[in-house]
Structures are given as structure tokens and as C-alpha cells.
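Presented below is the structure to which this report refers.
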Amino acid sequence: MAEDLQALMDRIQKDAVTKAENEAAAIIAAAKDKAAEIVKTAEAEAQAKLEKADKDAEAFTERSERTLAQSARDLLLSVGKNLETMIQNLLALQVEKALDESTIKNMLLTVAKGYTSDVEVDFSEADAKKLASFVMGEFAKQVSAGVKVESDSGVKFGFRIKLDGGKVSHEFTSEAMAEALSSLLRPQLAKVVNAAAKGN
């Protein structure tokens with residue numbers, strides 16, 4: 001009987017160990033499955049974050065390149081505009097130097113032949129005093145109509161001719177001539193700026 005009892009106890013112990021081993025194996029298998037699922041989820045999240053980071057970096061790079069290109073265009077436009085202003089100022093200065101009394105007289109005699117109606121010639125106050133007798137004398141002989149001399153604060157150098165009671169005017173002022181010369185230079189200046197923009 002003691003042997004039967006011992007065999008029963010051995011069997012119960014063996015069954016308990018087997019059951020415990022089976023339960024432990026099931027817990028370990030479940031833990032491995034859960035761990036594998038966690039790793040798989042973490043890898044998927046990491047991959048998604050990497051892809052998003054790549055897309056964000058690509059978008060940022062593209063925006064940066066567009067912003068840089070726009071800034072470069074703005075800079076070139078600004079430089080071109082400043083260069084144009086500088087050239088126009090230089091031209092105005094050179095025109096002012098060239099518009100001496102002799103040049104103005106020659107210009108007036110040249111344009112006088114084309115006028116057949118009353119003419120008003122506007123000068124700066126200083127030039128009006130110096131050139132009034134010339135306009136009323138030699139210039140008036142060339143024009144087949146009445147002539148009048150006026151001073152105009154809007155004229156610094158050169159002169160303005162008004163016809164038809166001021167409805168029509170021809171500008172021979174330093175500003176008008178500098179603008180005309182500058183407009184001839186603008187296409188060339190634009191070519192220079194565009195060539196610089198293209199890196200030529």
C-alpha cells in the first residue's frame with residue numbers, strides 16, 4: 001500500500017509538473033507572441049515616422065530652394081533697379097553739364113523751323129534771364145508765329161516748348177533727355193542683369 005501511495009504521489013507530482021510545464025510553455029509562447037506583436041508595431045511606427053521625416057525633409061528642401069530662388073530674383077531686380085537709377089542719375093548729370101547756353105541756343109534754332117503756331121519757351125529762372133533776348137530775337141525770327149519766354153520752377157536745366165496754349169509741350173529738360181537716354185540703355189541693362197542671373 002505504501003508503494004501504491006508512493007506511485008500515486010509520484011503520478012500527482014508528475015501530473016502537476018507536466019501541467020506547470022505546459023502552463024509555463026503557454027505563458028512563454030503568449031509572451032513571445034505579444035513581444036513579436038509589440039516589435040512589429042514598433043517597427044511599423046518607426047518606418048512610418050521615417051517616411052514622414054523623409055517627406056517633411058523633402059518638402060522643406062523644396063520650399064527652401066523656392067524661397068532661395070525667389071530671394072535671388074528679388075535681389076537681381078533690386079540690383080537692376082539700383083543700377084538703372086544710378087545710370088539715370090549719371091546721365092542726368094552729364095546732360096546738365098552738356099546743356100550750356102551755346103547748346104541750348106543751337107537746339108532752339110534747330111527746333112524753331114518746325115513750329116508754325118504761337119510758342120512759349122519755359123526755362124529755369126536763371127536761364128530765362130540769360131536767354132530771353134536770344135529767344136525774342138534770333139529764335140523768334142525762325143518761328144512764323146508769336147513767341148513768349150517764361151520761367152518755370154519745374155525746369156532746372158534745358159527748356160520746355162509749349163504750343164497751342166500749353167496743350168502740347170516738347171520737353172528738352174535735363175530730366176526728359178536723361179530719361180530718353182536711359183530708356184535706350186534699359187534693354188542692354190536688362191540683358192546684363194539676365195545674363196548675371198543665368199550665371200553667364
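The values are calculated or read from the model by the stated rules, or taken from the named source; none is laboratory data. Every value quoted in this text rests on a predicted model; they were computed, and no experiment measured them. Positions of Cβ are backbone-derived with ideal geometry, glycine not excepted, and every protein chain shown enters the neighbour counts. We work out accessible area using only protein heavy atoms, side chains counted, and drop any ligands, DNA or RNA first. Shrake-Rupley method; radii C 1.70, N 1.55, O 1.52, S 1.80 Å.
Annotations
- Test: residue in region 112-133 that is without any contact (Cβ under 8 Å) to a residue 60 or more places away in the chain, assigned to a helix (DSSP H, G or I) and of a type in the set (Phe, Trp, Tyr): no
- One residue alone among Asp74, Asp54 is without any contact (Cβ under 8 Å) to a residue 60 or more places away in the chain, open to solvent by less than 80 Å² (accessible area, probe 1.4 Å) and not aromatic (Phe, Trp, Tyr), and that residue is Asp74.
- The test for being surrounded by 10 or more Cβ atoms within 10 Å (Cβ to Cβ), out of contact with any helix residue (DSSP H, G or I) (no Cβ under 9 Å at 6 or more places or on another chain) and within 30 Å of Gly158 (Cβ to Cβ) does not hold for Thr18.
- Listed here are the strands (runs of 3 or more DSSP E) enclosed by region 135-182 that have at least 3 residues being more than 44 Å from the chain's Cα centre (by Cα): 147-151.
- Considering (1) at pLDDT below 80; (2) hydrophobic (A, V, I, L, M, F, W, C); (3) in contact with an Asp or Glu (Cβ under 7 Å, 6 or more places away or on another chain), the lone condition that Ala190 does not fulfil carries the number (3).
- Selection from region 38-94 of residues that are closer than 30 Å to Val155 by Cα and of a type in the set (S, T, N, Q): Ser78, Asn82, Thr85, Gln88, Asn89, Gln94
- Count of residues meeting criterion [surrounded by fewer than 14 Cβ atoms within 10 Å (Cβ to Cβ) and either among the small types (Gly, Ala, Ser) or under 16 Å from Ser169 (Cβ atoms) (or both)] in region 117-137: 4
- Subset of region 97-110 [open to solvent by 60 Å² or more (accessible area, probe 1.4 Å) and at pLDDT below 75]: Lys97
- Selection from region 138-170 of residues that are surrounded by 13 or more Cβ atoms within 10 Å (Cβ to Cβ) and over 10 Å from Asp122 (Cβ atoms): Glu138, Phe139, Ala140, Gln142, Val143, Val147, Lys156, Phe157, Leu163, His170
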